[in-house]
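> Take this structure first; my questions come after.
Values in this text are rule-based calculations from the coordinates and carry no lab data. Computed from a predicted structure; not experimentally measured. When we count neighbours, we look across all protein chains shown, and the Cβ atoms used for this are built from the backbone with ideal geometry, even at glycine.
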Protein chains: 2
Amino acid sequence: MADNRPPDASRRSESARRAIHDAALALVAEVGYPRTTIEAIAARAGVGKQTIYRWWPSRAAVLLEAFVGLGERAAGQSGTDGTQAFPDTGDLAADLKAVLRATVDELNDPAFEAPTRALAAEGIVDPRLGAEFVQKLLEPSLQLYAARLRAAQEAGQARADIDPRTALELLVGPLTHRWLLRTLPLTHEYADAIVDHALRGLAP
Amino acid sequence: MADNRPPDASRRSESARRAIHDAALALVAEVGYPRTTIEAIAARAGVGKQTIYRWWPSRAAVLLEAFVGLGERAAGQSGTDGTQAFPDTGDLAADLKAVLRATVDELNDPAFEAPTRALAAEGIVDPRLGAEFVQKLLEPSLQLYAARLRAAQEAGQARADIDPRTALELLVGPLTHRWLLRTLPLTHEYADAIVDHALRGLAP
């Protein structure tokens, strides 16, 4: 998108945008999503409420953009944030366990957990936000699973007759289910068991 | 809980409770959860707001109780609502496909979808409500999967070395993931593919 404002104004609004992102992420982790209102975000970022209303349709939209930005910054710093790279050591089980264990750690990390839960919950009752959440945050990482499973098919480590886009849901579905609904603890042992069960199957 | 009120008062409050349940379920399906306020429920049920505040701590608590009651009424009428009976024809794959297909139909039914989504979303950000949702609605039906998998183990149709409580998540996890996050369409074909993939495994 072309920005015809003079460089100073553009820089100022970029810095306000960043302050608003940081305020939204900090608030949701500190006081919870129900109390992360537009008013609270504006106060913490040191901007007027109108600035936020001008740029975003809802607090969920602010949080989604902030969270996407967080992922991009992490990727820029480390180059290996899990949504950017999927290991391929040639051992499918080991690679899947490494990624699912890292996902378990991330989901158990309060800094990620609070905004992810808030966005997932909003998306569940708001189809438009849900679609944006899936498109911007979820699907790109799911495609990395699909690519790894396709490589495994080519290497003869995964059945040729499965659709990788469906098969990956046997890995991420159970983790997400247990995490979102808090049915039982989300541990590395669980991640390993899911990979073993999914690869070997439940039938004898 | 002992009820020392005279029979008439008890009958009246039972009928008010039922009217409140029905109002909550109807509103969430018609206008969505965000607009299903305590005020709206009270108006539709023809009771005062204070009646609702006296009996429930939140609108989510009203909806959860209403939804549990709905399941109990359905079970009382048909005796076969899926949370009461799990088929055991001796063919594990066929039985799992029948149950997952019925679950797909239920999740795609607007009368079930709206309250289930609303309760799941509330539970995701509210651990106390989430625990109640899992305990009263989810875990009883998960235990039926576990029992069916144990029977399959005894019949030699499922591996002896799996924990049924973990294994069932390979079946319900993917369905729940796809449904809650609306990543892709939830169909009978998908239910069948999940059962086939989970039983045979992704490895060759």
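> Using a 10 Å cut-off around each Cβ of peptide A:157-168, what is the average number of partner chain Cβ atoms that fall inside? Can you show the working numbers first?
On the way: counts 3, 4, 6, 1, 4, 8, 2, 1, 2, 9, 5, 2.
So the per-residue partner count for this stretch is 4.
> Angle, helix A:139-154 long axis vs. longest principal axis of chain A, Cα atoms, 0 to 90°, nearest 10?
Around 20 degrees separate the two axes.
> Picking from B:T183, B:V125, B:V172, whose Cα lies most toward the positive end of the charge dipole for the stretch B:86-200 (charges on Cβ: Lys, Arg +1; Asp, Glu -1)?
B:V125
> Using only alpha carbon pairs under 8 Å that are at least six residues apart, calculate the relative contact order of the stretch A:111-204 and give it in whole percent.
Numbers: 41 pairs, mean separation 15.0, N = 94.
Rounded, it is 16 percent for the stretch A:111-204.
> Positive end of the dipole of the stretch A:86-204, charges at C-beta (+1 Lys, Arg; -1 Asp, Glu), about the Cα centre: which of A:A198, A:Q143, A:P115 has its Cα farthest in that direction?
Positive-end residue among those listed: A:A198.
> With a ≥ b ≥ c the root eigenvalues of the C-alpha gyration tensor of chain B, is it rounded (a/c under 1.5), prolate (a/b larger than b/c) or oblate?
On the way: a/c = 2.57, a/b = 1.93, b/c = 1.33.
Verdict is prolate for chain B.
> Oh, and also: Quick one: angle between helix B:188-200 and the longest Cα principal axis of chain B, in degrees between 0 and 90, rounded to 10, please.
50
> According to a simple spin-label model (label point 7 Å from Cα along Cα-to-Cβ), what is the distance in nm between A:A131 and A:D105?
3.6
> Okay, next question. Placing unit charges on C-beta atoms (Lys and Arg positive, Asp and Glu negative, everything else neutral), compute the dipole magnitude of chain A about its Cα centre in debye, rounded to 20.
Numbers: 23 positive and 27 negative charges, 150 e Å.
Computed charge dipole of chain A: roughly 720 debye.
> Taking the Cβ of A:F133 as the center, what net charge do the other residues with Cβ under 13 Å away carry, scoring Lys and Arg +1 and Asp and Glu -1?
Details: positive: A:R117, A:R128, A:K136, B:R182; negative: A:E65, A:E122, A:D126, A:E132, A:E139.
Its environment carries a net charge of -1.
> Between B:E65, B:E154, B:E122, which gets the highest mean-square fluctuation from a Gaussian network model of chain B, Cα cutoff 10 Å?
B:E154
> Suppose R0 equals 45 Å. What FRET efficiency, 1/(1 + (r/R0)^6) with r the Cβ-Cβ distance, do A:L144 and B:S58 give to the nearest 0.05? All intermediate terms of the calculation are to be shown ahead of the outcome.
Details: r = 39 Å, r/R0 = 0.87.
The calculated FRET efficiency here is 0.70.
> Name the residue, out of A:A66, A:A111, A:A155, whose mean-square fluctuation peaks in a Gaussian network model built on chain A with Cα pairs under 10 Å.
Top of the fluctuation ranking is A:A155.
> Placing one identical point scatterer on every Cα of the protein assembly as shown and ignoring solvent, what is log10 I(q)/I(0) from the Debye formula at q = 0.06, 0.08, 0.10, 0.14 Å⁻¹?
-0.29, -0.50, -0.77, -1.30
> Roughly how big is the stretch A:86-204's charge dipole about its Cα centre, with Cβ charges of +1 (Lys, Arg) and -1 (Asp, Glu), in debye to the nearest 20?
Dipole size: approximately 180 debye.
> Other chains near B:128-140: what is the mean number of their Cβ atoms within 10 Å of each residue's Cβ? Before the final figure, lay out each step's value.
Details: counts 0, 0, 5, 3, 0, 2, 4, 1, 0, 0, 3, 3, 0.
Partner Cβ neighbours, averaged per residue: 2.
> Would you mind telling me which residue in A:D105, A:D126, A:D22 has the biggest mean-square fluctuation in a Gaussian network model of chain A, where springs connect alpha carbons within a distance under 10 angstrom?
Per the Cα network of chain A with a 10 Å cutoff, A:D126 tops the list.
> Okay, moving on. Where does chain A land at 222 nm, in deg cm²/dmol rounded to the nearest 500, when only DSSP H runs of n ≥ 4 count, each adding -39500 (n - 2.57), divided by all residues? Working shown, then result.
Values: 11 runs with 145 residues, N = 204.
Mean residue ellipticity at 222 nm (helix-derived): -22500 deg cm²/dmol.
> Moving on to the next point. Over chain A, what is the relative contact order in percent, taking alpha-carbon pairs closer than 8 angstrom and at least six residues apart?
On the way: 163 pairs, mean separation 38.4, N = 204.
For chain A, the relative contact order is 19 percent.
> Need one number: nm distance between label points at B:E14 and B:A93, each 7 Å from Cα along Cα→Cβ, rounded to one decimal.
It works out to 4.9 nm between the two label points.
> Once you list every other residue whose beta carbon is under 9 Å from the beta carbon of B:G173, what net charge do they have if Lys and Arg are +1 and Asp and Glu are -1? Please report the intermediate quantities before stating the final value.
Working: positive: A:R178; negative: A:E169, B:E169.
Residues close to B:G173 contribute a combined charge of -1.
> While we're here: Where does helix B:110-125 land angle-wise versus the long Cα axis of chain B, in degrees 0 to 90, nearest 10?
90
> If you put a point 7 Å past Cα along the Cβ direction, how far is that point for B:A131 from the same point in each other copy, in nm, smallest first?
Computed spacing set for this position: 3.8 nm.
> For the stretch A:43-54, take each phi angle, set θ = phi - 60°, evaluate the Karplus expression 6.51 cos²θ - 1.76 cosθ + 1.60, and give the result in whole Hz per residue in order, putting x for glycine and proline.
The phi angles translate into 4, 5, 7, x, 10, x, 3, 4, 4, 5, 4, 6 Hz.
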